[in-house]
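The values are calculated or read from the model by the stated rules, or taken from the named source; none is laboratory data. Source: prediction; values computed, not measured. Note: ideal-geometry Cβ built from the backbone for every residue, glycine included; neighbour counts use all protein chains shown. In case anyone asks, the SASA skips ligands and DNA or RNA and just uses the protein heavy atoms, side chains included. Shrake-Rupley method; radii C 1.70, N 1.55, O 1.52, S 1.80 Å.
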Amino acid sequence: MEHKVRLTFFGGVHRVGGNIVLLEDLDYDVKIFLDFGINTIDFSKFRKNFPDNNETKVLTDCHVLPREIDLPIKNVYSKYFIFDHNKSQYPQKVRECEGKVDPPTNLDGILISHPHRDHYRGISFINRNIPIYTGVVTKRIIKAYSRSSAQRFENFLYGLKWIRFRTGNVIQIKNMEIYPVHVDHSIPVAYGFIICTSAGIIVYTGDFRMHGPLQLMTADLIKKVKEVCKTKGQIESDFTYREGEVVALICEGTHIHKGSIESERIVKRHLRKLFNIMPFDYVIVQYGRIDWDRFRIYVDIAKKYNWKYIIFDKDAYFYNRLNKKAIYDSMKDPNIEATDNIIILSQEKRKFQWKKEVDQMLGNIGKSERIIHLEDLKHLDGRFFLYVTSIQYYDIIKNYLPKDLRGVFISSNVDPYAEEYRMDKRFISTDLLDIGVPSYRIHASGHAKPHDIIRFVHEIDPLKLIPIHTEHPEFFRKLFREERIEVVLPIRSVPIEISP
Ligand SMILES: [Zn+2]
């Protein structure tokens, strides 16, 4: 018997991040990818080994992205839109690309679940005829991120064909219907997908949690799965009605093996406690830039205690873009323009377009004094936060922060696995010891806990359960050993057949 639907995992297998799942439906003649991410560790290894190489071929030979010969797809990668920053400048490359058309391909689309780079970064290399399906705000974040990052080949999005969706929309690809539904994660625009294939319903969670401020969104996914199961049921005869079943659940399992009881509310409560007895003059704080909930909590604390909240000009550009076009109320606040406690540290001397935008934003409202420079850090008036994303800021802390002030470092990263995690352990252990700054960790994860995953799986009640985005997929088999659910552990590049 020929199987109708096939799932092949090219990334996120036995590891956290870099999800790439190929879904082929032979009956509907549809081929799509669920996410097209790059694992952060793989990418840094590639960069270390080939610092000056900007070829897709080398990237795929190192298995950072799938090799063309392993894919049943023609021309998955772009022929013309690969940017080599060693050979040309960004505007020149854009001019070169104008009017160019990549060769035809038989891939029908790539669905991006959320704007963490371990889920989308591979799209820079994709054939420009392939539609990229993303949430409306997801696309905005991906683009703002690319604009405020180094102009390199992994950030070159020019020419991509975007198709945007919202919760409530139906994505129709030939006869296949796909329902995107928002879920709670460490960023406000993560989606799960309910895919109605010819073999039945397949659910892909993307990354999700059930303990964050938007936990009701994850509940919405569960609700929608049940609704789709009902409407996609078949009349078997005049008298019997069979509800549609979830034939496969592709479920993230970052924290399937360990949990802690935590929430954004607890993060806030701990911070308040610390501030009630605050013996420090400044706080260096670190979290992922896209982690909007965390950003809001810290700015709220800064406002409440009248501390300055210093962010870099690149961060200001990023947040301001998203403020301006915010659809969700949660992304209007904190508002970069209107919040006087937010001070912008201008580090970059070159006049990039994004930098001009930041200058203009505050210039237009007569608040240019809110932009400061490194030297100004030495004579700041009052107590302050300094938000950092990476180790390069060590020099700033060492050379520019006043020595007579007492500082503290708070790591509030979503997860060591989160996209933005680049803080070197050495920084925390050695360098902070060296400058006499104690470090704290106040944190809530972006991923579901074991008990939440179990509850989630039971609600969806799939025939097959396929773990992804976890270092411990076999743990799923142990947890669900006595149930009718068949746990299938994916092997990289080996198709899993899904029968109706
Ligand atoms: Zn994520």
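Out of (1) aromatic (Phe, Trp, Tyr); (2) more than 16 Å from the ligand (Cβ to nearest atom); (3) crowded, with 24+ Cβ neighbours inside 10 Å, the odd one out for Phe125 is which?
(3)
Restricting attention to region 355-375, which residues are assigned to a helix (DSSP H, G or I) and open to solvent by 60 Å² or more (accessible area, probe 1.4 Å)?
Lys356, Gln360, Asn364, Ser368, Glu369, Glu375
In region 176-192, how many are open to solvent by less than 10 Å² (accessible area, probe 1.4 Å) and either away from the ligand (no atom under 16 Å from the Cβ) or in contact with a Gly (Cβ under 6 Å, 6 or more places away or on another chain) (or both)?
Residues flagged as open to solvent by less than 10 Å² (accessible area, probe 1.4 Å) and either away from the ligand (no atom under 16 Å from the Cβ) or in contact with a Gly (Cβ under 6 Å, 6 or more places away or on another chain) (or both) within region 176-192 amount to 11.
Of everything in region 455-469, what is over 16 Å from Glu486 (Cβ atoms) and free of Cβ contacts under 8 Å to residues at least 40 places away in the same chain? Give them in sequence order.
Hits for region 455-469: nothing passes.
Quick one: which of Ile173, Ile222, Ile195 is modelled with pLDDT of 95 or more, within 21 Å of Glu497 (Cα to Cα), more than 16 Å from the ligand (Cβ to nearest atom) and surrounded by fewer than 24 Cβ atoms within 10 Å (Cβ to Cβ)?
Exactly one residue qualifies, and that residue is Ile173.
It is to be established whether one or more residues within region 131-143 are open to solvent by less than 10 Å² (accessible area, probe 1.4 Å) and more than 16 Å from the ligand (Cβ to nearest atom).
Within region 131-143, one or more residues are open to solvent by less than 10 Å² (accessible area, probe 1.4 Å) and more than 16 Å from the ligand (Cβ to nearest atom).
Which of the residues spanning region 76-88 are within 26 Å of Phe9 (Cα to Cα) and surrounded by fewer than 17 Cβ atoms within 10 Å (Cβ to Cβ)?
Lys79
Being under 19 Å from Ile173 (Cβ atoms) and away from the ligand (no atom under 16 Å from the Cβ), is that true of even one residue in region 86-99?
The answer is no, given that none of the residues of region 86-99 is under 19 Å from Ile173 (Cβ atoms) and away from the ligand (no atom under 16 Å from the Cβ).
Counting residues that are of a type outside the set (Gly, Ala, Ser) and under 23 Å from the mean Cα position of the chain (by Cα), which strands (runs of 3 or more DSSP E) fully inside region 436-500 reach at least 2?
Hits in region 436-500: 464-468.
If you go through region 344-354 one residue at a time, do you hit one that is open to solvent by less than 40 Å² (accessible area, probe 1.4 Å) and not in a strand (DSSP E or B)? Can you show your working first?
Within region 344-354, the first condition is being open to solvent by less than 40 Å² (accessible area, probe 1.4 Å), and the residues that meet it are 344-346, 354.
Going one step further and asking which of them are not in a strand (DSSP E or B), we end up with 354.
Yes, region 344-354 contains a residue that is open to solvent by less than 40 Å² (accessible area, probe 1.4 Å) and not in a strand (DSSP E or B).
Check Asp315, Asp329 and return the single one that is charged (D, E, K, R) and touching a Ser or Thr at 6+ places or on another chain (Cβ under 9 Å).
The unique qualifying residue is Asp315.
Look through Thr105, Thr8 and report the one residue that is open to solvent by 30 Å² or more (accessible area, probe 1.4 Å) and touching a residue at least 24 places away in the same chain (Cβ under 8 Å).
Sole residue among the options that is open to solvent by 30 Å² or more (accessible area, probe 1.4 Å) and touching a residue at least 24 places away in the same chain (Cβ under 8 Å): Thr105.
Please enumerate the residues belonging to region 12-59 that are more than 16 Å from the ligand (Cβ to nearest atom) and among the basic types (Lys, Arg).
Lys31, Lys45, Arg47, Lys48, Lys57
Please indicate, with yes or no, whether at least one residue in region 145-152 is out of contact with any Ser or Thr (no Cβ under 6 Å at 6 or more places or on another chain), assigned to a strand (DSSP E or B), away from the ligand (no atom under 16 Å from the Cβ) and in contact (Cβ under 8 Å) with a residue 12 or more places away in the chain.
Taking region 145-152 and keeping what is out of contact with any Ser or Thr (no Cβ under 6 Å at 6 or more places or on another chain), we get 145-152.
The next check asks that each one be assigned to a strand (DSSP E or B); those that pass are none.
The answer is no, given that none of the residues of region 145-152 is out of contact with any Ser or Thr (no Cβ under 6 Å at 6 or more places or on another chain), assigned to a strand (DSSP E or B), away from the ligand (no atom under 16 Å from the Cβ) and in contact (Cβ under 8 Å) with a residue 12 or more places away in the chain.
Residues checked against (1) surrounded by fewer than 23 Cβ atoms within 10 Å (Cβ to Cβ); (2) assigned to a strand (DSSP E or B):
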| site | (1), (2) |
| --- | --- |
| His14 | yes, no |
| Gly18 | no, no |
| Val21 | no, yes |
| Asp27 | yes, no |
| Leu34 | no, yes |
| Ile38 | no, no |
| Lys48 | yes, no |
| Pro51 | yes, no |
| Asn54 | yes, no |
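When you go through Ile297, Ile290, Ile310, Ile284 one by one, which is the residue that is open to solvent by less than 20 Å² (accessible area, probe 1.4 Å) and assigned to a helix (DSSP H, G or I)?
Answer to the check: Ile297.
Please verify whether Ala338 is of a type outside the set (S, T, N, Q), part of a loop (DSSP other than H, G, I, E, B) and open to solvent by 70 Å² or more (accessible area, probe 1.4 Å), treating the condition exactly as stated.
So Ala338 fits the description; yes.
In the list Leu59, Leu65, Leu7, which residue meets the criterion of being in a strand (DSSP E or B) and not charged (D, E, K, R)?
The unique qualifying residue is Leu7.
Of the residues Ile112, Ile82, which single one is in contact (Cβ under 8 Å) with a residue 12 or more places away in the chain and within 16 Å of the ligand (Cβ to nearest atom)?
Details: Ile82 fails: within 16 Å of the ligand (Cβ to nearest atom).
The match here is Ile112.
Would you confirm whether or not region 71-79 contains a residue that is farther than 21 Å from Arg117 by Cα and part of a helix (DSSP H, G or I)?
No, that holds for no residue.
Going through region 99-120 one residue at a time, which ones are at pLDDT below 95 and over 21 Å from Arg166 (Cα atoms)?
Of everything in region 99-120, those that are at pLDDT below 95 and over 21 Å from Arg166 (Cα atoms) turn out to be Gly99, Asp118.
Just name the residue that is modelled with the highest pLDDT out of those in region 324-346 that are closer than 19 Å to His379 by Cβ and among the polar types (S, T, N, Q).
Result: Asn341.
Failed condition for Arg272, given (1) open to solvent by 20 Å² or more (accessible area, probe 1.4 Å); (2) closer than 21 Å to Asp404 by Cβ; (3) of a type outside the set (Ser, Thr, Tyr), with all others met?
Only one criterion is unmet by Arg272, namely (2).
When you check Ser198 against the structure, is it hydroxyl-bearing (Ser, Thr, Tyr) and within 30 Å of Lys57 (Cβ to Cβ), yes or no?
Spelling it out, it is not the case that Ser198 is hydroxyl-bearing (Ser, Thr, Tyr) and within 30 Å of Lys57 (Cβ to Cβ).
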